[in-house]
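Below: one structure, written as structure tokens.
What follows is calculated from the coordinates using simple rules that are stated; it is not laboratory data. Since the model is a prediction, treat every value here as computed from it, not as a measurement. A quick note on method: Cβ atoms are made from the backbone with ideal geometry, for glycine too, and the neighbour counts reach across all protein chains shown.
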Amino acid sequence: MQLVTWNTQWCRGLDGVVSPRRIVEGARAMADFDVLCLQEIAQGFDDMPGAPGDQPAELAALLPGFQVFFGAAVDEFDAQGKRQRFGNLIATRLPVARVQHHPLPWPADPSVSSMPRMCTVVTVVDPALGPVRIMTTHLEYYSPTQRLAQVNAVRDLNAEACAQAAAPPKVETERSPFQAKVHTPHAIVCGDFNLVVAPPADLRAAPEYRAIHQAHAHGRLQDTWPLLHGTAPHAPTFRLFDRTYGPEPVTADFVFVSDSLAPRVRRIEVDQQTRASDHQPVLVAL
């Protein structure tokens, strides 16, 4: 399985041009991916820079043979009654067993701007790995309080799913919503976690980074980068070219896997050349 995750900045490049096609082409240049996880996908926000259109529809048209699942963290209407949605998208050519959209905590923090966040979950069936839970998210940038609450929630969602896999619900009937579900301990958790820790600070000291690794009864999540690169610093994924949000490059985008998948990780790399977004895409192969 090959997966690419990318915070697209609503498919807006550093040249100001909004282009879902360029995002898809950039991801394909990294790998012939089976799963594409995108954050900051817009629909109906015509007044944003670059005037993004109906990006879920555009991406679906650009990805024939893929199923596309859009999870809107922001889902509201403007003063004229037009619907506006903004969130995460998972596209896959693998068979899909389940789709779930989980709102994440949004505790009050009046000191900063913020918006709702969510975790989009699609359980796919890979021919070699079997069922795998793909979880993608984009955590709050401005509020450390909200970000830590959200990373704890993502970790707990995975722990709950692992517990369900270990002890599935009793099946009452196969002809109703109570029908048997596909459960799995295998998980890939990816996206923009906004852990903007700049070297030489130790990423492992960040509360959010420690929290996502916290073990539960059925295992834990592991960062894929050190699985293959040891103690080498993470490749930066944010502020390589655009220093609007800070003076130096940082790692904001991660791919974590369950203990059950950690031995299967074969490749993890960052495209540090593309300027199709203000973030860099990350590829993981299992």
*Label-point separation (nm) for residue 98 and residue 215, each offset 7 Å from Cα along Cα-to-Cβ?*
2.5
_Built amide H within the under 5 Å cut-off of residue 272, gap 5+_ = none
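Given the range 109-211, report the % of alpha carbon pairs whose separation exceeds 23 Å. Mind showing how you got there, number by number?
Values: 2179 of 5253 pairs.
Across the range 109-211, Cα pairs with separations above 23 Å total 41 percent.
Using a 10 Å cut-off on Cβ atoms, rank the peptides 102-111, 36-45 from the highest mean neighbour count down. Before the final figure, lay out each step's value.
Numbers: 102-111: 13.6, 36-45: 25.2.
Ranked from most to least packed, the peptides come out as 36-45, 102-111.
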*Mind giving me the nanometre distance, one decimal, between the label points for residue 17 and residue 181, set 7 Å out from Cα along Cα→Cβ?*
4.4
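Please figure out what share of the DSSP beta bridges in the range 47-192 is antiparallel and state it in percent, rounded to the nearest 5. Intermediate results must be reported in sequence, preceding the final value.
Numbers: 25 of 31 bridges.
Counting only bridges with both partners in the range 47-192, antiparallel ones make up about 80 percent.
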*Give me the distance between the Cα centres of the range 1-74 and the range 121-157, rounded to whole Å.*
18
*How big is D for the range 229-280, in µm² s⁻¹ as a whole number, if Stokes-Einstein is applied with the Kirkwood radius of its Cα pairs at 10 °C and 1.306 mPa s?*
126
_Cut-off under 5 Å, modelled amide H: who pairs with residue 73 long-range_ = 86, 87, 88
*Looking at the range 51-158, which chymotrypsin sites (Phe, Trp or Tyr not before Pro) are DSSP coil and have at most 16 other C-beta atoms within 10 Å of their C-beta?*
142
*Mind listing the long-range amide H neighbours of residue 254? Cut-off is under 5 Å, sequence gap 5 or more, other chains count too, H placed in the peptide plane at 1.01 Å from N.*
191, 193
_Can you divide the C-alpha Rg of the range 7-109 by 2.2 N^0.38 Å and report the result to two decimal places?_
1.12
*Can you list, largest first and rounded to whole Å, the semi-axes you get for the chain by taking the square root of 5 times each eigenvalue of its Cα gyration tensor?*
27, 23, 20
*Kindly provide the trypsin sites (Lys or Arg not before Pro) of the range 157-246 that DSSP labels as loop, not H, G, I, E or B, and whose Cβ sees at most 16 other Cβ atoms within 10 Å.*
170, 175, 181, 243
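Counting helices only, and only those DSSP H runs with n ≥ 4, report the 222 nm mean residue ellipticity of the chain as the sum of -39,500 (n - 2.57) divided by its residues, in deg cm²/dmol to the nearest 500.
Details: 5 runs with 54 residues, N = 286.
Roughly -5500 deg cm²/dmol at 222 nm, from the helical runs in the chain.
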